[in-house]
Amino acid sequence: METQAATAKQFPCQKCGARLDFAPGTAALRCPYCGFENPIPQSGEEIRELDYQVQLAELAGTQETSEAERVQCRNCAAETTLPPDVVSGSCPFCGSNLVITTQCKRLIKPRSLLPFGITHRQAFESFQEWIKGLWFAPNALKTYAESEGKLTGVYVPFWTYDCRTVSYYTGQRGDDYWETERYTAMENGRSVSKTRRVKHTRWHSVSGTVWESFDDVLVPASDSLPDDCLSKLEPWDLDRLVPFADEYLSGFRAESYRVPLEGGFTKAKEIMDEAIRGSIRRDMGGDHQRIHTVRTQYDGVTFKHLLLPVWLSAYRF
């Protein structure tokens with residue numbers, strides 16, 4: 001069992017001794033003072049899924065835990081890292097003061113991440129443009145937005161799940177048909193007989209089985225950000241994932257997951273259920289469908305734990 005430390009490793013500049021930070025859009029660490037760059041070693045390691053059931057057994061077992069110093073927000077409970085030697089700060093999610101705690105916690109270490117591709121300057125300029133477009137934004141918010149330090153790059157945790165499903169269903173299929181009906185209408189004060197075409201639906205019971213395969217069903221492993229906010233960032237370019245390396249975290253914050261592996265799979269099932277029900281409707285055929293029962297079996301479940309980059313600014317008012 002691997003544990004995720006909450007404090008980032010330090011990478012000193014070989015020229016001036018300052019801390020090297022990851023340079024977004026590159027594969028290198030860069031010194032913010034002298035400009036020295038150090039390429040991040042590429043391991044060439046394959047990013048692969050892990051067996052879901054095996055991991056659950058390990059989490060429930062008697063594996064050793066390690067002490068990790070982490071920074072927890074007392075207001076929203078988000079857990080993030082701080083740069084080395086920094087002992088205080090504000091929560092990037094809600095803006096509250098942070099409290100450093102030390103605790104034993106068994107965590108699954110991320111195996112991959114999507115490096116930041118937008119620089120702090122680019123993110124800050126976009127942030128300012130967005131603020132200018134808010135008609136009724138309070139002046140305090142506009143003043144707050146003028147400070148570049150109020151924008152924080154955070155790696156947000158996610159799960160992805162792969163699996164095969166077989167679903168057994170019962171329901172009703174509705175087929176439309178037309179009939180000619182006679183009716184009486186008044187025309188020029190006289191009652192006349194007319195005909196019209198009327199659509200009806202004939203229902204009959206159906207049952208069947210559908211099979212689906214799912215790849216990289218993405219689920220947030222944090223509840224620090226609202227789902228509707230995260231959904232606006234989709235789609236993520238998961239083809240650009242790289243094997244996890246501490247160098248990518250240098251100069252940024254990383255949030256620990258709070259949605260456990262099993263809880264994430266529950267959310268993934270909800271996402272998969274929409275696709276499964278769509279397959280069932282297509283399998284039923286007809287013009288209308290009524291799904292009564294669905295029993296789904298999940299096989300070959302695998303997962304990945306990964307980090308995705310988000311620029312955040314939290315303002316309290």
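Since every read-out is calculated from the coordinates, none of them should be taken as a lab result. On a predicted model such as this, the values are computed, not experimentally measured, just so you know. For neighbour counting, all protein chains shown are included, and Cβ atoms are generated from backbone atoms with ideal geometry for every residue, glycine included.
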- Dipole magnitude of the range 208-282, debye to nearest 20 (Cβ charges: Lys/Arg +1, Asp/Glu -1, about Cα centre): 280
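Which ordering of 194, 267 is given by a fewest-first count of other beta-carbon atoms within 10 Å?
Ranking 194, 267 by Cβ neighbours within 10 Å, fewest first, gives 194, 267.
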- Task: Can you put 192, 210 in order of Cβ neighbours within 10 angstrom, beginning with the fewest?
- Result: 192, 210
- Task: Using label points projected 7 Å from each Cα along Cα→Cβ, tell me how many nm separate residue 187 and residue 136, to one decimal.
- Result: 5.7
- When the convex hull of its Cα atoms is projected in every direction, mean area for the range 169-317 (nm²): 18.3
- Arrange the peptides 224-234, 301-311, 28-38 so that the one whose residues have, on average, the most other Cβ atoms within 10 Å appears first. 301-311, 28-38, 224-234
- Query: If each of residue 282 and residue 209 carries a label point 7 Å out from its Cα toward its Cβ, how far apart are those two points in nm?
  - Reply: 1.9
